[in-house]
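Worksheet: one structure, shown below.
The values are calculated or read from the model by the stated rules, or taken from the named source; none is laboratory data. None of the values given here were measured: they were computed from a predicted structure. Virtual Cβ from ideal backbone geometry, glycine too; neighbours counted across all protein chains shown. To get the accessible areas, we keep the full protein, side chains included, count just its heavy atoms, and leave off ligands, DNA and RNA. Shrake-Rupley method; radii C 1.70, N 1.55, O 1.52, S 1.80 Å.
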Amino acid sequence: MSSEPILRVKDLTIDLLTAHTVVRPVDGVAYELSRRETLAIVGESGSGKTVTCFAPLGLMPVGVQADISGSILFDSRQLVGSDNETLRSLRGKSIGFIFQDPMSALNPARRVGRQIAEVAELHLGMTARAAETRALELIKMVGMSDPEIRLKQYPHELSGGLRQRVMIAIAIAAEPTLLVADEPTTALDVTVQAQILRLLKEIQSRMDMAMILITHDMGVVAGAADRVMVMYAGRHVETGPTERVLSQPQHPYTMGLIDAIPRKQDAIGSRFRGLPGIPPILGAPITGCAFMARCGYAVDACGERRPPFLPTAVPGVSAACPVLNIRAKECA
Amino acid sequence: MQPVRPLLKAIGAFPRSAVFTIGAFVLLGLLAPYIAPHDPNAQDLLIAGQGPTLAHPFGVDHLGRDTLSRLIVAARTSLVGVCLVLVCAHAIGIAIGTIAGYRRGWTDELLMRIVDVGQAIPSLIVSLAVIGIAGVSYWNMILALALAWWPGSARISRAVAVNTMNKPHMEALRVLGASPVRIYFVHLLPTTIGAVLVYATADAGAVALAIATLSFLGLGIQPPTPEWGQMLVDALPYLESDPRQVILPGLTLTLAVIGFNILGEAVALNRVPKPLTSRMLAARRRVTAFWAKEARP
Amino acid sequence: MFAFIAKRARNAVLLLFLASVLCFALVVSAPGNVAILIAELRTPTATKADIAKVEEELGLNKPLLERYGFWLNGAIHGDFGISYKTGEAVGASLKSRLAVTATLVAGGAVVAFLLSLFVGFVGALWAHRAPDVVTRGSALLGASTPSFFVGALLVYAFSVTWHVFPTFGFAGPVSWVLPWLTLGFLPAAVLSRVVRVGFEEAMAKPYVLTAMSKGLSRTSILVRDAIPNIAPTYLNALGTQIGTMVVGAVVVEPLFAWQGIGDLFLTGVRFRDFMVVQACLLVFITFFIILNVVVDICITLTDPRLRLQRS
Amino acid sequence: MSAILEVEHLVTSFPSAKRGQTIKAVNDVSIHLNQGEIVGLVGESGCGKSTLGRSIVGLEKPQSGRVVFDGVDLGSLSGRRLREARRAVQYVFQDPYASLNDRQTVGEAINEALIIAGLRSQTEREGRIAELLNQVGLATTVRDRFTRELSGGQRQRIAIARSLAVEPRVLICDEPVSALDLSIRAQVMNLFLDLREKLGVSCLFIAHDLALVRQAASRVYVMYLGKVVESGSSEEVYRNPSHPYTQLLLASVPEADPATERRRNPPLITGEIPSPTNPPSGCFFRTRCPLSVEACAEAEPVSQEVSSMHKAACRFAGGLFAKRVSAA
């Protein structure tokens, strides 16, 4: 992964304005993604993990205005401040998207074949007939049986797993260089989840894609991601290679999150480990460390200013924790 | 109190223009006898067909009656008629709809089939048929329109009732062992009435149009009681010489109805998000600008 | 699909039967003795003997079931009895007036269909911008204006002031324009709002986000994704509006002095001419039932979920 | 230990979207719950686990079978007596945002439950509300807040407090933490453990999260397509799963440890749950089962005893299973 990163995000801040409120779900996030790499963005609901990926590409529902600042370089093109047409030309062609709920993400009134084929028509300049053939190929590629029949079916005639396969086929139809998968397995059953994750990995290596995997499930992270970025209250609190972050978490929030997962060694009937308190309600940016109120290690300095994001003692792992920083300084 | 609260809350969320027009219509109807400058039925053939004067700002009709006073008093006729029709129709509709939605099963099937038939036939046909059989009179008109309107109310009430009954908080009450009386009267009925009240208000325009149409056809409000539709049909023979007397009642009626229709559109689009207006954007951006300033020091 | 259509047709026949019972019952249960009414119409000083004669003539003294059978048999063969008022055969007047009403409603339906789609699409394409504000405002105004007022305004503008179209009469296409516009205007406004609201709702659905993620433009999303989803709703509303237009004929025909079924029905209602009311009602309800079946079939054809459920 | 709740041969079906067909969501299920016990009920979506829970508390009407509470067949009661008997079995809903009325304050919601329970004196009710809030770990100051102002975790606690108002002996918990944030799930899970300890309440814990159930429940039932395929102590079932479905289900759960997760090569179940409208003949799992043989299509498998209290509905369960695997 020595080459120039395909995606370089710096100081990304997003304010969402709606008819009723204004919130800042993404507050100064920075990360990089190399070609062929999988980055998992992990966080609870409301941590800003989805908005981070979707808002900069203009994918926000009606009634939500996203004000974006910072810098996002995708393939050395600046996305922040780009006009709608530029973003539109990237969507589908260079960046594919997979959504959480394949039932609502597919159009119920159109045949799945058409929904896949139109991507090929639009981005690969194919005729309707050629695109139909391409759709058939894609349906085979995502491992659906009876591809000819599937093309003619409507989403409600398919099971949840098959719908998600259709969604994947749509996302990869124009062979994008980056795939953004938002909780691709959350709406699915655990047995199907394993199939879909395996398919995603397979397609990623076959097509040489980079992938951003948005999830809250550490199990999914462990199996699929090269690197992981943990988000809390709109900020990235820890990033690093998956195996290191998961086995030696540095930030107290990551530690708590990983510790909270029930383990095989836990005695039956024993108490559950978790974090105290509740996540902050989104709104105005928080001064100091957002996790301070729930943190067991907090000191007075935590509340003073936003903790800088610095390398930790573990190679490749960075975290934004004042206590860690102080400790690191003392060691040095 | 419970059904009124959501209505008040909804009124707060209504488009200003709708609240204003409907409010004006209701006020005009309530205060009509006190603000009408002349007796609406006082004839003065000497000035018949005269144009606007200081005494008669909107002129007088072919019998010399003051048009402004007649327009104002007609608002009351319309308001009372609309209210009577809506109260009768929704009393039947809500009763049937909530019973169907609460009981479900065959009761629901049977009641909704009847409603289906009632809804398949346009409301004006139903009213015309009833009047055709029962004869022309004020109460026959009210009865006819109520008969035409209750199936719609029953359909909506049933949808609301079914939706409410399926809500986990209602299921929780059932699991807690709440009696059917408590579930129906304390929770289901007030919730349904509250939701249907909004629809009823939005529907009032259609009822006002129907009353005017029946009166236009000579089957509703009878002279000399002033009513917009009937004023219009009265003036129609003089369309060429005095179009004002045709246009004024028509325009007033349209104005009265338009408020309800704005409301109806707002209700239909209630749950659909809209793009932010520039004013809203500016207000929200003031907040974020404040954040940026706060974060700097 | 065939099974579904057959089933709907069977239901329709059942409904028709119910409707006929209803029409018959309405007149039977009408307040006041019909025989006295008619006898007094003929001679204001009707005696008991006169009334008995009328009863004998109309078969009013026979048992109900027999009267219903007699009436239904006649209705099926186009015999709806004699008008109390004019003494003409109701069936014959219906037949002669059918073409007038059909012309009116068909023209009005075309006006409503074209106008509503045009206005709705303009609003959707330029959503929340000037063209949308204008079309929405006009639609709102249109849906709030009663057809008799629209008719009066059109007559005043085009006949009285500019002398473009004749004021009344049923004489060739030129005389049809104003009645068509009068009848189609309000339904067009209502339907255009159905289109506009439908687009608004469809464009807020999650699948639109998917379509955006494919890189489709807003216009393509409107055409490819939104239209298939609002077609069933629109067809349903169109059916309802065509039904309403048949009733609208009652208002529009007298306004332009057209001798249609609406005009006949209105006269019947005014003079409580039960035979005419009964016959017109039966014709109207038959039309509504057929319309409903057609609309239902169209909706099933356009909505894949219903198609699956019903096939 | 005596069973406080017994479900015998319960069948609950729904009309299918296609006319004239029915879905047997719960298909001849028998389970029991002992006094003071937490029992898990796991399975994938559509396996009928929620319908089973809803049928027990009367939110769905079963076609046949019996629900026996404390020795009384609930089917033999009706009207007020049924409502009173049912009150002892309460239900905790998945979505705490929907299970409370937005227009009520916390106090009003619990107060109503107390009125339903027949507590007549207002002062007694006031005291009881404070006690209940305390029991679920909330400050009494939340009493006058509207439920809509509270967070998911707080709302779920209030829903539990409301259930406790009628002094239940059994709680049916339908995915009670899956709508909550990851970091606060443990808080609510621990509340259930506390309630069992302090009040002796039994819990039927319905969930798709296998790890959560393993830690909380002493026994577990595994459902597939409306049937219980395996049951036994959590210890046994998780250590020695004996139905091929349970095995594959457990193997599908990814682990949070990258080292083991990368090495792990789970045997994938092919395909997805068949439509419950038209389930396969014989063993319902045979269409996805790596071990299925022709005989599986012929007859429904009989429940085999793997060890005492541990049963699996598979012809290869127990001793035969190992043979079959080694042969394959």
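What to note about this one:
- Just so you know, in segment C:256-280 the residues that are at pLDDT 90 or above and open to solvent by 10 Å² or more (accessible area, probe 1.4 Å) include one that is farthest from B:LEU214 (Cα to Cα), and it is C:GLN259.
- Residue match in segment C:229-240 (condition: more than 30 Å from C:MET1 (Cβ to Cβ), in the same structural domain as C:PRO179 (by TED's automatic domain parsing) and among the aromatic types (Phe, Trp, Tyr)): no
- Within segment A:90-110, the set of residues being in a helix (DSSP H, G or I), open to solvent by less than 10 Å² (accessible area, probe 1.4 Å) and more than 7 Å from chain C (Cβ to nearest Cβ) comprises A:LEU90, A:PRO102.
- Residue match in segment C:35-57 (condition: closer than 20 Å to C:ILE285 by Cα, among the polar types (S, T, N, Q) and either open to solvent by less than 80 Å² (accessible area, probe 1.4 Å) or not assigned by TED's automatic domain parsing to the domain that holds C:PHE170 (or both)): no
- Per the listing A:ILE149, A:ILE139, A:ILE116, the residue uniquely within 13 Å of chain C (Cβ to nearest Cβ), assigned to a helix (DSSP H, G or I) and β-branched (Val, Ile, Thr) is A:ILE116.
- In segment B:211-230, the residues that are among the hydroxyl-bearing types (Ser, Thr, Tyr) and either part of a helix (DSSP H, G or I) or crowded, with 24+ Cβ neighbours inside 10 Å (or both): B:THR213, B:SER215
- Considering segment D:121-149, and only residues there that are among the small types (Gly, Ala, Ser) and part of a helix (DSSP H, G or I), the residue that is nearest to D:ALA161 (Cα to Cα) turns out to be D:ALA130.
- Exactly one residue among D:VAL170, D:VAL166, D:VAL177 is under 30 Å from D:GLY46 (Cα atoms), of a type in the set (A, V, I, L, M, F, W, C) and either touching a residue at least 60 places away in the same chain (Cβ under 8 Å) or surrounded by fewer than 19 Cβ atoms within 10 Å (Cβ to Cβ) (or both), and that residue is D:VAL170.
- Pairing each residue of segment A:177-200 that is within 10 Å of another protein chain (Cβ to nearest Cβ) with any residue that is charged (D, E, K, R), provided the two are 6+ apart or on different chains, yields C-beta distances under 6 Å for A:ALA187/A:ASP101; A:ASP189/D:GLU44; A:VAL192/D:GLU272.
- Within segment D:297-316, not a single residue is at pLDDT below 75, out of contact with any helix residue (DSSP H, G or I) (no Cβ under 8 Å at 6 or more places or on another chain) and not basic (Lys, Arg).
- Any hit, segment C:233-251, residues being within 14 Å of chain A (Cβ to nearest Cβ) and either of a type outside the set (Phe, Trp, Tyr) or within 30 Å of A:ASP182 (Cα to Cα) (or both): yes
- The set of residues in segment C:296-311 that are within 11 Å of another protein chain (Cβ to nearest Cβ), open to solvent by 20 Å² or more (accessible area, probe 1.4 Å) and part of a helix (DSSP H, G or I) comprises C:ASP296, C:THR302, C:ARG305, C:LEU306, C:ARG307, C:LEU308, C:GLN309, C:ARG310.
- Some residue of segment A:160-167 being under 25 Å from C:ALA231 (Cβ atoms), open to solvent by less than 20 Å² (accessible area, probe 1.4 Å) and either modelled with pLDDT of 95 or more or part of a loop (DSSP other than H, G, I, E, B) (or both): yes
- Residue check for B:LEU188: within 30 Å of D:ALA88 (Cβ to Cβ) and either open to solvent by 50 Å² or more (accessible area, probe 1.4 Å) or within 13 Å of another protein chain (Cβ to nearest Cβ) (or both): yes
- Where a residue in segment B:114-139 is more than 24 Å from B:ARG158 (Cβ to Cβ) and its partner, wherever it lies, is open to solvent by 30 Å² or more (accessible area, probe 1.4 Å) and among the small types (Gly, Ala, Ser), with Cβ under 9 Å and at least six apart: B:ILE131/B:SER137; B:ILE133/C:SER29; B:GLY135/C:GLY32; B:VAL136/B:GLY218
- Taking (1) in the same structural domain as A:ALA117 (by TED's automatic domain parsing); (2) closer than 27 Å to A:ALA222 by Cβ in turn, A:GLU137 satisfies each apart from (2).
- The listed residues are B:VAL233, B:VAL196, and the only one of them that is within 9 Å of another protein chain (Cβ to nearest Cβ), in contact with a Ser or Thr (Cβ under 8 Å, 6 or more places away or on another chain) and not in a loop (DSSP other than H, G, I, E, B) turns out to be B:VAL233.
- Residue list for segment C:156-176, filter: more than 7 Å from chain B (Cβ to nearest Cβ) and part of a helix (DSSP H, G or I): C:ALA157, C:PHE158, C:SER159, C:THR161, C:PRO173, C:VAL174, C:SER175, C:TRP176
- Boolean, C:LEU191 is over 25 Å from C:ARG129 (Cβ atoms), surrounded by 20 or more Cβ atoms within 10 Å (Cβ to Cβ) and in contact with a Ser or Thr (Cβ under 8 Å, 6 or more places away or on another chain): no
- Count of segment D:113-162 residues which are within 12 Å of chain B (Cβ to nearest Cβ) and free of Cβ contacts under 8 Å to residues at least 40 places away in the same chain: 2
- In segment C:209-229, the residue that is farthest from the other protein chains (Cβ to nearest Cβ) out of those that are open to solvent by less than 10 Å² (accessible area, probe 1.4 Å) and in a helix (DSSP H, G or I) is C:LEU222.
- Among residues of segment B:17-47, those that are crowded, with 18+ Cβ neighbours inside 10 Å and within 17 Å of B:THR225 (Cα to Cα), counted: 6
- Against the list (1) within 15 Å of A:VAL190 (Cβ to Cβ); (2) within 26 Å of the chain's Cα centre (by Cα), the condition D:ARG264 fails is (2).
- Residue identified as assigned to a helix (DSSP H, G or I), touching a Leu at 6+ places or on another chain (Cβ under 7 Å) and open to solvent by 40 Å² or more (accessible area, probe 1.4 Å) among A:LEU87, A:LEU122: A:LEU122
- Among the helices (runs of 4 or more DSSP H) confined to segment C:39-148, the ones with at least 1 residues that are touching a residue at least 12 places away in the same chain (Cβ under 8 Å) and of a type in the set (Ser, Thr, Tyr) are located at C:64-76, C:90-125, C:130-144.
- Residue check for B:GLY152: open to solvent by less than 30 Å² (accessible area, probe 1.4 Å), at pLDDT below 90 and over 19 Å from C:PHE149 (Cβ atoms): no
- Filtered by the rule that a residue be closer than 17 Å to A:ALA319 by Cα, facing another protein chain (nearest Cβ under 9 Å) and either open to solvent by 30 Å² or more (accessible area, probe 1.4 Å) or touching a Gly at 6+ places or on another chain (Cβ under 6 Å) (or both), segment A:246-265 gives a lone residue, A:SER247.
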